[in-house]
Amino acid sequence: MSTEVVATSAISAEQQPSPSAPAQEKVNLLGMSRPQMEKFFEDMGEKKFRAGQVMKWIHQFFVTDFAQMTNISGKLREKLEKLCVIEAPEVVHKNYSKDGTRKWVFRVGDGDGSLVETVLIPAEHRSGLRRTLCISSQVGCALDCSFCSTGKQGFQRDLTQAEIIGQLWMANYSYMEDVPVLERERSVTNVVMMGMGEPLLNYDAVLNSMRIMLDDFAYGMSKRRVTLSTSGVVPKIDQLVKDIDVALAISLHAPNDELRNELVPINKKYPLEQLIAACQRYIAKDGNESSRKHVTIEYVMLDGVNDHPEHAQQMIKLLKNLPSKINLIPFNPFPHAPYGRSSRNRIISFQKTLSDAGFVCTIRQTRGDDIDAACGQLVGQVADRTRRAEQWKKKIAQSNEIMRSQG
C-alpha cells in the first residue's frame, strides 16, 4: 500500500455523485458514516453489508487501496476503484514534541490560508496510556474569542466529514504505517472536538463524524471518550441531545456575563443563564452508560482578568446546580496577545476554592509548547484572509502607544 497521503478532494454525503459519475468526481469513502455508505452500496446494486466490510478496512486497518481488501470480490474492487477514493487531507507539516505530543498541519484547499491543525496528546492514566486527539471542525473560527490565536485568523469554511474524520485516521495511521496491515490496531483512545472552529456551527458534518468514531465497524470508541466542546451555541446543544450521546464540554472562561461578553462574544447572543439551562437539559436525559452524567467546564486562566477570588466565588454560584467537572487551563501566550498567564500560585488558589466547595477541579498540564500545539495556539502562522489578525495587532499597537504616552 502506498503511504503517500494525497490532497483531499473530499465531498460531503449530500454532494455525493451517483455511482455512474465520471472518474474526476470520484466519491471519497473516508468520511461516510455507515448509513451513508450502506445507501451508497445499495445504489450501486450491492448488498449493504459491504459497507461494514469497507469501513473496517478503512478505519481499523487503515487501507486506502481497494486491491488490498481481500474479503471483497475482484469485480467489486474494480468497480470501487473506478468510482471511489479513500483520501485523507494532505499533510503539509508534522512535528513531534519532546513530551510525546504530535501535531499535524493539513491543507484542505488552495492557498496558505486553507490549513487546519490537529494535536495528539499522550498521557499516563490508571487504565493505561491515553492518547487524546484534538480535532478541528472548521478552517479558522468565526467566534473571535479574545484569548485564542485561532480566532484571529478569521473564518474561511466548514470542514467536510472526510476532512474531519481524516484527522483521526491520520493520527492512528502515524503509529501503524510500518506495521503489516492485518496487525494494525487503533491507537487513539480519546477524541475531543476542541480544535479550530466551533463544532456546533458545522453541525451535520461533526455529528456524522462522531457517529463514525462510535461505530464498531470503524473506531468503536466509547461515547464517554468522545467529547464535543462548544463556546455555547444553545439551540445546537438542545439538538445534540436528541441526536447522539457524547460527552459535552463548555468553553466558559468567565463566571459573569459582563466579562464573558468580552472574552467569548457569542455570550451576547446566548448569555450564561441560557447556556447553563441548556447544559442542565443536556445531562437530564438518562441512559445506560450515558456520557451525560456531567459537563466539563473549560476555564482559561488569564492574569488579572478572570482569576480573582471573587471570580471563583461567582463560579461556585453559577455552577451550583450543574453536575460538572472544572478544568483550569493556564493561558498559552501567542504573539501580540493582550493577556498573560495567571501565576501558578493564583491558579492553585483558584482550584482550592472550587475544590473546597465540592467541585472536581483539575489543572490542565500544558503540553506541546515547543511545537505551538498548546490550547489556543492552533495555526498561529495561517495566512489571514479576513485581515482580522492585522486589524487586531494594529489595535494592540495603538493601545500600547497610548499607554506609553500616558506613562
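The values are calculated or read from the model by the stated rules, or taken from the named source; none is laboratory data. None of the values given here were measured: they were computed from a predicted structure. Neighbour counts run over all protein chains shown; Cβ positions are idealised from the backbone, glycine included.
The rows are residues; the columns are (1) of a type in the set (Lys, Arg); (2) under 14 Å from the mean Cα position of the chain (by Cα); (3) over 30 Å from Gln68 (Cα atoms); (4) assigned by TED's automatic domain parsing to the domain that holds Pro338.
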residue: Ala142; (1), (2), (3), (4): no, no, yes, yes
residue: Ser146; (1), (2), (3), (4): no, no, yes, yes
residue: Gly154; (1), (2), (3), (4): no, no, yes, yes
residue: Asp158; (1), (2), (3), (4): no, yes, yes, yes
residue: Gln161; (1), (2), (3), (4): no, yes, no, yes
residue: Ile165; (1), (2), (3), (4): no, yes, no, yes
residue: Ala171; (1), (2), (3), (4): no, yes, no, yes
residue: Asp178; (1), (2), (3), (4): no, no, no, yes
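Remark: pairs (first residue in the stretch 29-48, at positive phi; second residue in a loop (DSSP other than H, G, I, E, B); Cβ separation under 9 Å; 6+ apart in sequence or on different chains) = Gly45/Pro19. Taken over the stretch 44-79, the criterion of being closer than 22 Å to Trp169 by Cα, of a type outside the set (A, V, I, L, M) and part of a loop (DSSP other than H, G, I, E, B) is satisfied by Gln60, Phe61, Phe62, Thr64, Asp65, Thr70, Asn71. Summed over the stretch 317-336, residues that are more than 12 Å from Gly358 (Cβ to Cβ) and touching a helix residue (DSSP H, G or I) at 6+ places or on another chain (Cβ under 9 Å) total 9. Looking only at the stretch 244-261, which residues are out of contact with any helix residue (DSSP H, G or I) (no Cβ under 7 Å at 6 or more places or on another chain) and surrounded by 16 or more Cβ atoms within 10 Å (Cβ to Cβ)? Across the stretch 244-261, the qualifying residues are Ala249, Ser251, Leu252, Leu259. Every test in (1) farther than 28 Å from Leu201 by Cβ; (2) crowded, with 17+ Cβ neighbours inside 10 Å is passed by Lys352 save one, and that test is (2). With the structure loaded, tell me whether Val63 is more than 16 Å from Tyr219 (Cα to Cα) and in contact (Cβ under 8 Å) with a residue 60 or more places away in the chain or whether it fails that test. So Val63 does not fit the description; no.
Would you check if there is a residue in the stretch 193-204 being surrounded by 20 or more Cβ atoms within 10 Å (Cβ to Cβ) and out of contact with any Ser or Thr (no Cβ under 7 Å at 6 or more places or on another chain)? The answer is no, given that none of the residues of the stretch 193-204 is surrounded by 20 or more Cβ atoms within 10 Å (Cβ to Cβ) and out of contact with any Ser or Thr (no Cβ under 7 Å at 6 or more places or on another chain). Of all residues in the stretch 80-108, those that are within 13 Å of Gln167 (Cα to Cα) and assigned to a loop (DSSP other than H, G, I, E, B) have Cβ atoms under 7 Å from Cβ atoms of residues that are basic (Lys, Arg) and at pLDDT below 95, 6 or more apart or on another chain, in Pro89/Arg107.
Among the residues of the stretch 95-133, the ones that are of a type in the set (A, V, I, L, M) and surrounded by fewer than 15 Cβ atoms within 10 Å (Cβ to Cβ) come to 1 in all. Considering Lys325, Lys352, the condition of being in contact with a His (Cβ under 6 Å, 6 or more places away or on another chain) and among the basic types (Lys, Arg) is satisfied by Lys325 alone. Criterion applied to Ser209, Ser146, Ser187, Ser136 was being of a type outside the set (Val, Ile, Thr), crowded, with 21+ Cβ neighbours inside 10 Å and part of a loop (DSSP other than H, G, I, E, B), and the one residue passing it is Ser136.
Which residues, taken from the stretch 218-243, are crowded, with 19+ Cβ neighbours inside 10 Å and either among the polar types (S, T, N, Q) or closer than 15 Å to Gln36 by Cβ (or both)? Those that are crowded, with 19+ Cβ neighbours inside 10 Å and either among the polar types (S, T, N, Q) or closer than 15 Å to Gln36 by Cβ (or both): Ala218, Thr227, Ser229, Thr230, Ser231.
Scanning the stretch 180-222 for residues that are under 15 Å from the mean Cα position of the chain (by Cα) and either among the β-branched types (Val, Ile, Thr) or modelled with pLDDT under 95 (or both) gives Val188, Thr189, Val191, Val192, Met194, Gly195, Met196, Gly197, Val206, Ile212.
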